[in-house]
1. Please state which of the following conditions B:Q140 fails to meet, knowing it meets all the rest: (1) in contact with a helix residue (DSSP H, G or I) (Cβ under 8 Å, 6 or more places away or on another chain); (2) facing chain A (nearest Cβ under 9 Å).
2. Could you tell me whether B:L211 is free of Cβ contacts under 8 Å to residues at least 24 places away in the same chain and either in contact with a strand residue (DSSP E or B) (Cβ under 8 Å, 6 or more places away or on another chain) or among the aromatic types (F, W, Y) (or both)?
3. Is at least one residue of the stretch B:89-105 charged (D, E, K, R) and either under 19 Å from B:G143 (Cα atoms) or within 16 Å of ligand 2 (Cβ to nearest atom) (or both)?
4. Of the residues A:T194, A:T154, only one is surrounded by fewer than 19 Cβ atoms within 10 Å (Cβ to Cβ), over 29 Å from A:V83 (Cβ atoms), within 14 Å of chain B (Cβ to nearest Cβ) and in contact (Cβ under 8 Å) with a residue 40 or more places away in the chain; which?
5. When you scan the stretch B:50-73, how many residues do you find that are of a type in the set (G, A, S) and assigned to a loop (DSSP other than H, G, I, E, B)?
6. Spot the failing condition for B:K74; the list is (1) open to solvent by 70 Å² or more (accessible area, probe 1.4 Å); (2) more than 12 Å from every other protein chain (Cβ to nearest Cβ), and only one is missed.
7. Report yes if some residue within the stretch A:17-27 is in contact with a Phe, Trp or Tyr (Cβ under 7 Å, 6 or more places away or on another chain) and crowded, with 20+ Cβ neighbours inside 10 Å; otherwise report no.
8. Collect the residues in the stretch B:11-33 that are near ligand 1 (Cβ under 10 Å from one of its atoms) and in contact with a Leu (Cβ under 8 Å, 6 or more places away or on another chain), keeping them in residue-number order.
Amino acid sequence: MFLLSSFLSSEDMTILQDSFLPLLKGVLSYTIPLTLISFAIGLILAITTALFRISGIKVLSGIARVYVSIIRGTPLLVQLFIVFYGLGNLGVEALKFEPFVGAIIAFSLNTGAYASETIRASILSIEKGQWEASSSIGMSYLQSLRRVILPQATRVSIPPLSNSFIGLVKETSLASTILVSEMFRKAQEIVATTYTPLLVYVEAGAIYWVICFLLSVLQGKIEKRMNRYVKT
Amino acid sequence: MINMNNISKQFGDLVVLKDISLQVEQGKVVVIIGPSGSGKTTLLRCLNVLEQPEEGSITIDQQTLKFSEKVSKKEIREFRRQTGMVFQTYNLFPHFTAVENVMEGPITVQKVAKAKAREKAVDILTKVGLHEKMEVYPYQLSGGQQQRVGIARAMAIDPKVMLFDEPTSALDPELVGEVLQVMKKLAAEGRTMVVVTHEMSFAKEVADEVLFMDNGMIVERGEPSVLFEHPKEERTKQFLKLIKQ
Ligand SMILES: Nc1ncnc2c1ncn2[C@@H]1O[C@H](COP(=O)(O)OP(=O)(O)OP(=O)(O)O)[C@@H](O)[C@H]1O
Ligand SMILES: [Mg+2]
């Protein structure tokens with residue numbers, strides 16, 4: 001604070017302080033819920049998609065492949081616009097989403113596709129001997145998956161999934177374009193009245209950075225816990 | 001106890017087991033020897049149905065699988081529970097402690113209560129000399145200790161037959177003894193065992209019968225003293241000369 005005030009005018013300081021609460025509100029009521037809900041749904045989609053991909057059943061792996069290809073091959077912004085403006089314009093009541101819901105749908109679909117590739121790779125990285133050992137004591141495919149393969153695959157996938165999660169925190173700023181009042185939209189609204197874009201956008205950026213920093217600390221803790229059973 | 005009838009197995013065009021028949025009586029220990037690629041592992045894996053033969057049938061105790069007919073996954077699982085498999089590379093579950101590795105089969109497959117499964121696992125681990133290593137992860141164990149956990153894990157599902165695929169060949173020489181000792185103990189208890197190994201001393205001391213496999217066939221079989229000292233077949237003689245060196 002002291003450091004900042006030495007090269008910011010007192011007017012600037014007031015703007016920073018006044019905008020902090022609205023920005024924080026954007027974080028707490030939209031940025032964080034949007035991230036958490038989308039990531040949770042996305043993970044379920046991702047695990048399902050990964051299992052479809054490795055199922056060896058043509059129809060299922062085909063569906064998974066097409067889904068991943070479409071999502072990875074199109075910009076997230078376009079996906080958001082299709083879900084919110086595109087579907088909303090069809091005249092079908094059920095497809096008119098609240099901005100927040102539309103954002104959750106788009107982000108979940110997006111996370112699901114990317115994370116499914118991560119999860120698929122980590123399942124495939126588990127040695128064949130683990131499947132055989134679990135089969136040999138009588139486990140079914142699903143039991144092996146649940147008790148032996150997925151727990152180990154989880155460890156492998158924590159670093160890349162953390163990347164996706166941290167990425168998602170920042171990508172929620174795109175929801176500003178479909179009228180979700182998350183932090184970045186709040187920042188834009190503030191700038192529209194104060195005309196201090198540098199100041200307020202840097203402030204918003206700093207808040208994103210703090211969130212991501214805290215998340216990477218958390219990631220370190222989770223990794224440490226997950227690595228308890230491997231030689232370091 | 002085991003009755004293998006006319007088992008044939010191929011991978012693509014490669015015929016790995018050619019019309020193999022094999023009987024093992026209850027309580028007997030059969031050792032299989034043979035050159036690399038002769039099909040020893042595949043034979044054991046067929047007994048555990050990790051591989052499905054194209055032809056033939058296997059009976060263990062009362063249960064029979066006929067491979068010329070379609071067998072369901074459930075049938076295979078049921079059948080598989082009669083054999084306990086010990087792998088060359090241990091294949092322990094790295095995310096479980098020693099005792100959890102042993103409890104896993106009873107808990108997940110046999111639906112035994114956790115406390116009871118633990119009690120049993122502790123008993124078995126004590127028997128294989130690992131009562132002090134119960135709560136450690138596999139990476140904290142030596143190869144010999146890991147393999148003994150592997151044996152304990154296989155025993156925990158109360159199999160009627162124990163299958164060992166070169167259980168000591170990945171071990172440093174000084175660790176081989178402790179694993180063989182556990183296996184001798186099991187044999188002395190009257191367990192039915194099929195063991196792929198090139199440990200001649202073990203075979204001589206413990207085996208009731210030794211099979212020599214080559215090229216997907218059982219070339220010769222007999223009591224260890226007879227087969228090792230007076231082999232009839234030329235290929236057996238050559239192979240024994242090789243491993244005695
Ligand atoms: N999954 C598989 N796919 C294709 N070929 C295989 C497969 N498993 C084994 N084989 C082949 O089958 C033959 C027998 O293999 P197997 O592992 O049973 O031999 P082995 O007697 O156990 O040899 P070793 O002493 O080296 O362990 C080999 O030629 C091997 O390459
Ligand atoms: Mg082998």
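1. All conditions are met except number (1).
2. Working: free of Cβ contacts under 8 Å to residues at least 24 places away in the same chain: no; either in contact with a strand residue (DSSP E or B) (Cβ under 8 Å, 6 or more places away or on another chain) or among the aromatic types (F, W, Y) (or both): yes.
It is false that B:L211 is free of Cβ contacts under 8 Å to residues at least 24 places away in the same chain and either in contact with a strand residue (DSSP E or B) (Cβ under 8 Å, 6 or more places away or on another chain) or among the aromatic types (F, W, Y) (or both).
3. Taking the stretch B:89-105 first, the residues charged (D, E, K, R) are B:100, B:104.
Then keep just the ones that are either under 19 Å from B:G143 (Cα atoms) or within 16 Å of ligand 2 (Cβ to nearest atom) (or both); that gives B:100.
Looking through the stretch B:89-105, at least one residue is charged (D, E, K, R) and either under 19 Å from B:G143 (Cα atoms) or within 16 Å of ligand 2 (Cβ to nearest atom) (or both).
4. Details: A:T194 fails: within 14 Å of chain B (Cβ to nearest Cβ).
Result of the check over A:T194, A:T154: A:T154.
5. Here is the first cut: in the stretch B:50-73, the residues of a type in the set (G, A, S) are B:56-57, B:68, B:72.
Now drop any that are not assigned to a loop (DSSP other than H, G, I, E, B), which leaves B:68, B:72.
Of the residues in that region, 2 qualify.
6. Result: B:K74 fails condition (2) only.
7. So in the stretch A:17-27, the residues in contact with a Phe, Trp or Tyr (Cβ under 7 Å, 6 or more places away or on another chain) come out as none.
Checked against the condition, which is being in contact with a Phe, Trp or Tyr (Cβ under 7 Å, 6 or more places away or on another chain) and crowded, with 20+ Cβ neighbours inside 10 Å, the stretch A:17-27 yields no hits at all.
8. B:L17, B:I32, B:I33
The values are calculated or read from the model by the stated rules, or taken from the named source; none is laboratory data. The structure displayed is predicted, hence computed values, not measured ones. Cβ: placed from backbone, ideal geometry, glycine included. Neighbour counts: every protein chain shown. All accessible areas refer to the heavy atoms of the entire protein, side chains included, with ligands and DNA or RNA removed. Shrake-Rupley method; radii C 1.70, N 1.55, O 1.52, S 1.80 Å.
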